[in-house]
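Comments concern the structure below.
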Amino acid sequence: MEVSDGKGEWHRVGALDSVSEFVFDAPGTIFPCDALHVRIVGVKGTGLQIHSYAVDAAVDGDVLWATGNTRYVSEATGKDVGGGVKSPYFDDDYGEAVAGDASAVIWRASSGRKIHPNRIPPKARAASLEISTAPNEAEAVQLVVSPSVDMADVRVSLSSGLQGKGGCAIPSSAVDILRVDYVPVSQVTDAAGVRGLWPDPLPPQDAAPLAVPAKANRPFWVRVKPPKGTPKGVYTGTLSVLCRQKGGESATFNVPLSVEVFGFEFPDRVTCETAFGVNLRNPWSCHAAKTPAQKELIADRYLDALAYCHLSPYNPSPCASWTVKWKNG
């Protein structure tokens, strides 16, 4: 195993001579450095299999954002022959700031993005959160709060509905503001996934304070579903973002929300049939359901969530069982 600062020579730090776990120290002569390169070279005629490797290092100053990458190099030519694909989870080329001051930056991101908890807030700016949808269709945008000081509580609210032209409106009941929570992932299941904290659950905001540490990101999921019959047009309103610091000082940021409603309506029953491989029995163990009544309640809630998103699972009746008997068979 060898290390380098990417500018000078490679330093050999140790050799792997058996199937085991090894720990090597990088020489102090290459520090401080802006980058640390690690390469593992297999001896000709020897099989080499690396299950995993990690680098631990002390970093001066505040740690804001760091990424890594693994590349494969031909021993014969010394040329790069490819490597692992970096997960889009580490992208930082998206999003726009919509509000903020010295204590926090409020920014927006597409609902299709997974927000890393330590990504640096974007420098680009925008005037508002924007959503385009049709009546009876739910669409969302993410509002991200990135404080520069520790916050004891952060919450987002919409005091009234969204107003359009000619007295038309989208009621506040058609707007959901949910938290984006993070879960620890230890086993990656696809190329986009990573180990560590992964944003996935969307619980509703509750009365308990939501603390957000300095230089961390807390996304909120702003989802709008205009009721059937909502006229075509642009509807606007204002979201209030309350940030209360640990010392008691608080600030409220007003973020405009703009929703474009298309001139067609989404049907209750979609013409494009879906069949998602959702095993509705799995949530029973996650929610510690024991009795048939508890299992039916959980299954119904998951089915309601799927129906809200116009998704159909393979098995819509996990609490029921049946058999098929063929006549004259």
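See the values below:
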item	result
Test: residue in the stretch 33-49 that is modelled with pLDDT under 90, among the basic types (Lys, Arg), assigned to a loop (DSSP other than H, G, I, E, B) and farther than 25 Å from Val255 by Cα	yes
Among (1) open to solvent by less than 30 Å² (accessible area, probe 1.4 Å); (2) at pLDDT 95 or above; (3) under 23 Å from the mean Cα position of the chain (by Cα) - the single one Val194 does not satisfy	(2)
Qualifying positions in the stretch 231-261 - open to solvent by 20 Å² or more (accessible area, probe 1.4 Å), closer than 24 Å to Gly112 by Cβ and out of contact with any Asp or Glu (no Cβ under 8 Å at 6 or more places or on another chain)	Thr236, Pro256
Scan of the stretch 202-238 for residues that are among the aliphatic types (A, V, I, L, M), assigned to a loop (DSSP other than H, G, I, E, B) and touching a residue at least 60 places away in the same chain (Cβ under 8 Å), ordered by number	Ala211, Ala214, Ala216
Residue satisfying all of: in the stretch 275-318; β-branched (Val, Ile, Thr) and modelled with pLDDT of 85 or more; most open to solvent (accessible area, probe 1.4 Å) among these	Thr291
Residues being open to solvent by 50 Å² or more (accessible area, probe 1.4 Å), charged (D, E, K, R) and outside any strand (DSSP E or B) - total across the stretch 1-15	2
Residue within the stretch 174-187 that is within 20 Å of the chain's Cα centre (by Cα), at pLDDT below 95, part of a loop (DSSP other than H, G, I, E, B) and at negative phi present	yes
Selection count, the stretch 16-41, where residues are open to solvent by less than 50 Å² (accessible area, probe 1.4 Å) and hydrophobic (A, V, I, L, M, F, W, C)	5
Of all residues making up the stretch 199-230, the number that are within 12 Å of the chain's Cα centre (by Cα) and surrounded by 18 or more Cβ atoms within 10 Å (Cβ to Cβ)	6
Any hit, the stretch 72-80, residues being at pLDDT 70 or above, surrounded by 10 or more Cβ atoms within 10 Å (Cβ to Cβ) and on the phi > 0 side of the Ramachandran plot	no
Single residue of the stretch 60-70 satisfying the filter (open to solvent by 70 Å² or more (accessible area, probe 1.4 Å) and under 26 Å from the mean Cα position of the chain (by Cα)) that is modelled with the highest pLDDT	Asp62
Residue in the stretch 277-284 that is within 27 Å of His116 (Cβ to Cβ) and either in contact (Cβ under 8 Å) with a residue 24 or more places away in the chain or in a loop (DSSP other than H, G, I, E, B) (or both) present	yes
Lone unmet requirement of (1) under 29 Å from Ser132 (Cα atoms); (2) within 22 Å of the chain's Cα centre (by Cα); (3) free of Cβ contacts under 8 Å to residues at least 24 places away in the same chain for Thr252	(2)
Residue tally, condition without any contact (Cβ under 8 Å) to a residue 40 or more places away in the chain and within 17 Å of Asp200 (Cα to Cα), over the stretch 112-149	2
Those strands (runs of 3 or more DSSP E) lying entirely in the stretch 91-148 with at least 1 residues surrounded by fewer than 16 Cβ atoms within 10 Å (Cβ to Cβ) and under 16 Å from the mean Cα position of the chain (by Cα)	104-110
Single condition Gly164 does not satisfy, out of (1) of a type outside the set (A, V, I, L, M, F, W, C); (2) under 17 Å from Val212 (Cα atoms); (3) open to solvent by less than 50 Å² (accessible area, probe 1.4 Å)	(2)
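The values are calculated or read from the model by the stated rules, or taken from the named source; none is laboratory data. All values reported here derive from a predicted model rather than from experimental measurement. Every residue, glycine among them, receives a Cβ derived from its backbone with ideal geometry; neighbour counts consider all protein chains shown. In case anyone asks, the SASA skips ligands and DNA or RNA and just uses the protein heavy atoms, side chains included. Shrake-Rupley method; radii C 1.70, N 1.55, O 1.52, S 1.80 Å.
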